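The values are calculated or read from the model by the stated rules, or taken from the named source; none is laboratory data. In this text the structure is predicted, and so the values were computed from the model without any measurement. So basically every Cβ, Gly included, is an ideal-geometry build from the backbone, and we count neighbours across all protein chains shown. What goes into the accessible areas is simple: the full protein's heavy atoms, side chains included, and nothing from ligands, DNA or RNA. Shrake-Rupley method; radii C 1.70, N 1.55, O 1.52, S 1.80 Å.
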Amino acid sequence: MNGLLKGKKALITGASRGIGRAMAIRFAEQGADVGFTYLSSVEQGETLVKELSAFGIKAIGYQSDASDFNAAELLINNFIKDFGTLDVLVNNAGITRDGLLMRMSEEQWDEVLRVNLKSVFNLTKSATKHLLKQKFGSVINVTSVVGIKGNAGQANYAASKSGILGFTKSVALELGSRNIRCNAIAPGFIETEMTGKLAPEMVDEWKKNIPLRRGGKASEVADCAVFLGSDLSSYITGQVIQIDGGMLT
Ligand code: NAP
């Protein structure tokens with residue numbers, strides 16, 4: 001199917017690589033104009049702009065720290081200036097700073113909560129005033145199966161991702177009457193740089209427990225974002241969709 005997002009203007013955070021990058025490409029394939037962010041990967045950002053533009057859509061990369069409230073506000077204002085409107089916001093940027101609780105530092109806790117959770121507040125809050133005016137919008141927050149189930153060695157990450165679930169449902173309740181939808185995607189084990197850092201034994205153990213017996217592809221997560229950003233999901237809000245090969249079943 002083609003053109004599911006034709007004419008829509010989408011902003012995706014953290015798209016220099018991994019899941020965000022796959023989303024930006026799928027969105028462009030489906031006809032959306034795409035703005036995306038990264039923190040430090042300038043070169044990858046420039047390459048992605050070229051790749052996206054080849055689909056004949058408008059593409060702009062912004063270097064912007066999603067965890068910084070003022071930077072997020074500036075980003076949203078710049079996006080509106082550049083694209084005219086904002087239809088789909090994907091809060092994807094995220095990091096891990098793993099460690100057992102006994103050894104977890106305050107910095108590890110604060111950094112993960114700031115980048116993974118506060119960023120979602122920053123971007124959504126800044127976007128809301130525009131979405132309210134146009135009485136339309138789809139916000140998609142990237143959480144994780146770890147936010148649903150928890151994971152030893154990831155108390156900070158799990159807490160940040162659980163926080164996204166509560167935030168998503170609250171925003172769906174607050175803004176539904178204005179035709180603004182807010183949903184979450186919970187990927188399981190997806191093969192990206194983030195999971196590439198894990199020990200091979202841990203990866204094998206995870207895969208054994210996945211009914212589909214394999215890790216997911218970033219493009220498989222991106223397909224769900226296309227669905228939630230498009231009018232195919234016009235009656236869906238406040239939901240969490242797991243993309244995990246059945247892992248949490
Ligand atoms: P990744 O490959 O590590 O990519 C992370 C992206 O986020 C990069 O583009 C990075 O930009 C950007 N980023 C990091 N900190 C940022 C900040 N402060 N402001 C703006 N951008 C920032 O990660 P991924 O595996 O694609 O994961 C994407 C999302 O999916 C995350 O929220 C993650 O928690 C979630 N997730 C992933 C998996 C998985 O198995 N991979 C599973 C469940 C959930 P730079 O390149 O400039 O650093």
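For the chain, relative contact order (Cα pairs under 8 Å, six or more residues apart, normalised by length) works out to 20 percent.
Determine the shape class of the range 1-121: with a ≥ b ≥ c the square roots of the Cα gyration tensor eigenvalues, call it rounded for a/c under 1.5, and otherwise prolate if a/b is greater than b/c, oblate otherwise. The shape class here is prolate. Label separation (Gln239 vs Asn2): 2.8 nm, computed from points 7 Å beyond Cα along the C-beta direction. When the Cα convex hull of the range 100-146 is projected onto planes of every orientation, the mean area is 4.2 nm². Seen from all directions on average, the chain presents a Cα convex hull projection of 12.8 nm².
Over 26 Å between C-alpha atoms is what I'm after, so list which of Lys6/Lys197; Lys129/Lys217; Lys197/Lys217; Lys9/Lys197; Lys8/Lys207 land there. Violating the 26 Å limit, Cα to Cα: Lys6/Lys197; Lys129/Lys217; Lys9/Lys197; Lys8/Lys207. Computed over the range 80-121, the range of Cα coordinates on each principal axis works out to 48, 13, 12 Å, biggest value leading.
Within the shell of other residues whose beta carbon sits under 10 angstrom from the beta carbon of Lys8, the net charge comes to -1, with Lys and Arg scored +1 and Asp and Glu -1. Heavy-atom accessible surface of the chain, averaged per residue, reaches 47 Å², computed with a 1.4 Å probe. Taking packing as the residue-averaged number of other Cβ atoms within 10 angstrom, the listed peptides 112-122, 59-69 run from highest to lowest as 112-122, 59-69. Sorting Met194, Met247 by solvent-accessible area of protein heavy atoms yields Met194, Met247, largest first, with a 1.4 Å probe. Charge tally for Gly176 (other residues, Cβ to Cβ under 12 Å; Lys, Arg +1; Asp, Glu -1): +3.
Counting only the Cα atoms, the range 111-249 fills a convex hull of 109 Å³ per residue.
The heavy atoms of Leu175 offer some 20 square angstrom of accessible surface to a 1.4 angstrom probe. The fraction of accessible area contributed by carbon and sulfur in the chain is 54 percent, rounded to a whole number (1.4 Å probe; ligands and nucleic acids excluded).
When all protein chains stay in place and ligands, DNA and RNA are ignored, the 1.4 Å accessible-area order of Trp109, Trp206, largest first, is Trp109, Trp206. Distance between the pseudo-spin-label points of Glu111 and Leu173 (7 Å out from Cα toward the beta carbon): 3.4 nm. When the helices of the chain are scored as -39500 (n - 2.57) per DSSP H run of n ≥ 4 and the total is divided over every residue, the value at 222 nm lands at -14000 deg cm²/dmol.
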